[in-house]
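Engineer: Would you mind keeping the following structure in view while I ask a few things?
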Amino acid sequence: MPQGDVELRYERSLWKRTTGLLTKVLQSSPPRTALLVFALVIGLFTSLLMMPWATPGRSSAAVHDAMFVATSAVTVTGLTPVNTADHWTLGGQIVILIGIQVGGLGIITMAALLAVSVTRHLGLRTRLIAQEGMSTGRLGEVGQLLKTVVICSAVVQAALAVVLIPRLIALEGDVIRGAWYGLFYAISAFNNAGFVIHSDGLGGVGNDPLVVWTVMIGVFLGSLGFPVLYVLWKFRWHIKRWSLHAKLTLEVTTILLFIGAVVYAALEWNNTATIGDMGWLEKLQSSLFASVNMRSGGFAVVESNLESSETMLISDALMFAGGGSASTAGGIKVTTIAVIFLAFLAEARGHEESSAHGRTIPAQVVRVAVSVVAMGATAVLLSTLALMIVSGQDVERPLYESVSAFATVGLTSGLTEELPPSGLYILTVLMFTGRVGIITFAAALTVRQNRVRYRYPEGRPIIG
């Protein structure tokens, strides 16, 4: 047999064994695999940000700063203890942008693949319902699913860049710098990352309406999630053909969007430190922008630490709520809120099961939703307590920073820049937990269906 044929057969055999091993590992525990992959990716970007060329002056960044920023980029959070424009060179900023893109695509893909993995562990009836939530048609095929994710992300980001690049070139008066800013903000907006490369934030573009509205639309689309975007693209305004997931996501997102804008405007209207000195149209624009970004985007046209305590508390609630499932947004997700509210409504009406849009919501889904909320609340509580001890601050700023990190929002009260390394490590773990942990936790709970062949007698403890 010719030497070339032997080498070819050997390479094919090696490839087959390697792919077989990877498949076996992935199928054994997809949630655990997802955690490991993201941890390795964060480690890689931490190493890159510690290279001398990533920071001015050829001095390596501190480990805690590099790890924090790498985690913030890969988990598309946006929190940073240093000024992105001043602390990192162009090479460092490119690493951050790649981290955002890899993290954003990875999060959506991971959520989608875990959803597919979950459906394979369910019964036929439940599997059909779950697949309807993923969307319709061939999305059950992994290859088609990944293709849809990549195309959807590329198309939306390209559209944002087409608008932002010419406008920022005009504002900056420099083609190369304006093109770089436009590309960076297009990717950062759709991935709900919140990173900015102007030293003074988006205020550096003079709150330009075209830039502000384009960023706002990018954040909003990214927060919906690709299953919803796919349904909207395929069925457009034929609402009856939308999946239950798409309907609930859009309904709760719209409600929270307008409630947040109205409350923000009411609380900050006369606050001269934030929007008090703006014209009424700019006040409305800023309020809507704040509402959109409080649920995941992390961009800000005014500093959060200048807002009233009441506004910061409302921000905590909206950040914790987050955006849509299988999206670049964080938080406990709007469908989780919808499921819990529907369960509460069913209980108030005396119904045994909750339902929406002609569909019954299984009790198992309600249990997973409650577990996700409990996990999130516990993580925020523990991290807030730890930050209070480390920083010596009262509860307001540590709570705000903890919710922002867990929900991968990126808004800050200014506390992150003041924290010692121990405080940064706390927030680093929280960002990883909030982004990757909550998805894998929910998937693991959904898969875990052990049949018990016996049933204890009922006991009814007093509630309330």
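The values are calculated or read from the model by the stated rules, or taken from the named source; none is laboratory data. Computed from a predicted model, the values in this text were never measured in an experiment. Cβ sites come from the backbone with ideal geometry, for glycine too, and all protein chains shown count toward neighbours. Accessible surface is based on the protein model in full, side chains and every heavy atom, while ligands, DNA and RNA are left aside. Shrake-Rupley method; radii C 1.70, N 1.55, O 1.52, S 1.80 Å.
Engineer: Residue separation times 0.36 nm, minus the C-alpha to C-alpha distance between Ile98 and Val395: what's the value? Display every interim value, and only then the final one.
Structural biologist: Values: separation 297, 0.36 × 297 = 106.92 nm, distance 3.48 nm.
Computed gain between Ile98 and Val395 is 103.4 nm.
Engineer: Using a 7 Å offset from the Cα along the Cα-to-Cβ direction at both Ser59 and Ala85, what is the distance between the two label points in nm, to one decimal?
Structural biologist: 2.2 nm
Engineer: So which aspartates and glutamates can Lys247 reach, going by Cα to Cα under 20 Å and dropping same-chain residues fewer than 8 places off?
Structural biologist: Glu132, Glu353
Engineer: What is the calculated FRET efficiency for Ser47 to Asp200, with r their C-beta to C-beta distance and R₀ = 30 Å, to the nearest 0.05?
Structural biologist: 0.50
Engineer: Moving on to the next point. If Glu310, Glu347 are ordered by their accessible area, calculated over protein heavy atoms with a 1.4 Å probe, which sequence runs from highest to lowest? Write out the running numbers ahead of the final one.
Structural biologist: On the way: Glu310 110, Glu347 135 Å².
Descending order: Glu347, Glu310.
Engineer: Would you kindly state how much longer the chain becomes between Val162 and Trp233 on full extension, computed as 0.36 nm times their sequence separation minus their alpha carbon distance, in nm to one decimal? Please list the in-between numbers first.
Structural biologist: Numbers: separation 71, 0.36 × 71 = 25.56 nm, distance 2.00 nm.
Stretched out fully, the Val162 to Trp233 stretch lengthens by 23.6 nm.
Engineer: Give, to the nearest whole percent, the P(r) tail of segment 148-193 beyond 14 angstrom, counting all Cα pairs.
Structural biologist: Working: 471 of 1035 pairs.
Percentage above 14 Å: 46.
Engineer: Here is a follow-up. Skip the ligands, DNA and RNA, and give the accessible area per residue of segment 171-284 with a 1.4 Å probe, whole Å². Walk me through the numbers before you get to the answer.
Structural biologist: Values: 5140 Å² over 114 residues.
Value for segment 171-284: 45 Å² per residue.
Engineer: I'd like the accessible area for Tyr425, computed on protein heavy atoms only with a 1.4 Å probe and all protein chains in place. Round to 10 Å², please.
Structural biologist: 90 Å²
Engineer: Quick one: if the Förster radius is 30 Å, what FRET efficiency do Asn305 and Glu282 give, using the C-beta to C-beta distance and rounding to 0.05?
Structural biologist: Working from the Cβ atoms, E equals 0.90.
Engineer: Got a sec to turn the phi values of segment 367-375 into Karplus ³J(HN,Hα) couplings, 6.51 cos²θ - 1.76 cosθ + 1.60 with θ = phi - 60°, whole Hz, x for Gly and Pro?
Structural biologist: 4, 5, 4, 5, 5, 5, 4, 5, 4
Engineer: Please get the size of the charge dipole for segment 196-283, origin at its Cα centre, with Cβ charges of +1 on Lys and Arg and -1 on Asp and Glu, quoted in debye to the nearest 20.
Structural biologist: Working: 6 positive and 6 negative charges, 164 e Å.
With only Lys, Arg, Asp and Glu charged at Cβ, the dipole is about 780 debye.
Engineer: Could you tell me the center-to-center distance, by alpha carbons, between segment 283-314 and segment 152-225 in angstrom?
Structural biologist: With segment 283-314 and segment 152-225 each reduced to a Cα centre, they are spaced 18 Å.
Engineer: Distance in nm between label sites at Tyr456 and Arg367, each 7 Å beyond Cα in the beta-carbon direction?
Structural biologist: 1.3 nm
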